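Step one of this worksheet: look at the structure below.
The values are calculated or read from the model by the stated rules, or taken from the named source; none is laboratory data. Just so you know, these numbers come straight off a predicted model, no measurement behind them. When we count neighbours, we look across all protein chains shown, and the Cβ atoms used for this are built from the backbone with ideal geometry, even at glycine. Accessible surface areas use protein heavy atoms only, side chains included; no ligands, DNA or RNA. Shrake-Rupley method; radii C 1.70, N 1.55, O 1.52, S 1.80 Å.
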Amino acid sequence: LDPNLLTYVVLALLIRLAGDPFIGHQWFVGLYACFFFFFFLLAARQEGLRSATEQRPEGPWLVPFLALLLVPFSLFFHWGFFNYMLGVPTFLLFAVWWRRSSAVGLGRPLIGAVLGLVAALTHITAFLAVVLLLAAHVVNIAALVVQRTGSARPLKPVVVEAAMALFAALPGLVIVLKFVLGSETGGTSFSFAPWPALRMLALGTFLPSFDH
């Protein structure tokens with residue numbers, strides 16, 4: 001299991017079902033567009049909700065959705081970076097789920113772990129966005145606790161949220177670390193090579209795509 005795997009698996013299945021590479025590719029582009037627009041719309045609508053229990057959004061929530069309509073078929077998509085572009089709606093899928101399911105329970109981190117794994121198997125930048133979102137969520141919870149109580153002593157809510165966030169990120173984190181630490185070129189052999197990996201992270205050479 002490596003980052004970028006999911007797109008190739010889906011594309012190969014569609015080509016097999018269609019019996020023609022060109023038609024399979026058309027199916028993939030159509031599904032990608034539907035997936036992208038749906039989760040952009042869902043995320044924009046959710047941003048208009050003042051709480052997780054509201055059903056009707058407030059404010060101009062359609063504005064960010066309309067402004068982002070040009071993103072799915074941007075230059076990166078026409079260059080063939082399908083993995084990179086598909087990572088955006090997979091991240092939005094995770095973000096919508098994590099924000100919407102505010103109740104504390106096993107379902108939230110379990111489904112979050114599955115969605116985080118999907119993001120990691122789509123593109124490493126999508127998973128990086130997931131990790132940053134989880135970190136920001138935990139920091140926000142800690143700030144709310146301090147604001148409401150005036151101290152950081154009631155740590156239970158923060159510990160619970162941090163544990164759930166870590167659990168949700170763990171499967172994808174294992175795959176990404178295995179990939180990044182494997183070799184400088186992004187190979188899958190699990191040999192410990194920290195300096196090439198740190199150079200990749202510092203210079204951002206992994207950001208555009210792993211496709212060559």
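Some observations on this one:
- Sequence of Lys178, Lys156 from largest to smallest accessible area, 1.4 Å probe: Lys156, Lys178
- Ranked by the mean number of other Cβ atoms within 10 Å of their residues, highest first, the peptides 78-85, 140-147 come out as 78-85, 140-147.
- Rounded if a/c under 1.5, otherwise prolate or oblate - the range 1-50, Cα gyration tensor axes: oblate
- Phi angles of the range 107-114 translate, via the Karplus equation with coefficients 6.51, -1.76, 1.60 and θ = phi - 60°, into HN-Hα couplings of x, 5, x, 5, 5, x, 5, 5 Hz per residue; Gly and Pro are given as x.
- Counted residue by residue at 0.36 nm each, then reduced by the alpha carbon distance between them, the extension gain from Leu17 to Leu144 reaches 40.7 nm.
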